[in-house]
Amino acid sequence: MRYEKGNFKTGACLLQNSKVIVVNKFSNVESRILSITELVRELDFDLNLLDNKQLALVQQLKQTNLQL
């Protein structure tokens, strides 16, 4: 995950064959949390790379419907 300044929306991209989430530093905290949560729910990634706490969080996020 990278935090950058600029005129863009937080999102995911492919950078040199690696999936990267880029978060806009100018976004407010609520927008950052919502964007990251949505991306975690949408993206497919290797769950074997996560520790138990990370895996539990991802599973919880995928089952939760967030609203701001």
Given the Cα-Cα distance of residue 45 and residue 64 and 0.36 nm per residue of separation, how much length would full extension add, in nm?
5.0 nm
Aspartates and glutamates with Cα under 20 Å of residue 19, excluding same-chain neighbours fewer than 8 positions away:
4, 38, 42, 44, 46, 51
With a 1.4 Å probe and every protein chain left in place, tell me how much accessible area residue 25 has, in Å² to the nearest 10.
90 Å²
Please compute the per residue accessible area over segment 21-68 with all protein chains in place, 1.4 Å probe, rounded to a whole number of Å².
78 Å²
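The values are calculated or read from the model by the stated rules, or taken from the named source; none is laboratory data. On a predicted model such as this, the values are computed, not experimentally measured, just so you know. The protein model used for the area step is the full one, side chains on, heavy atoms only, and it has no ligands, DNA or RNA in it. Shrake-Rupley method; radii C 1.70, N 1.55, O 1.52, S 1.80 Å.
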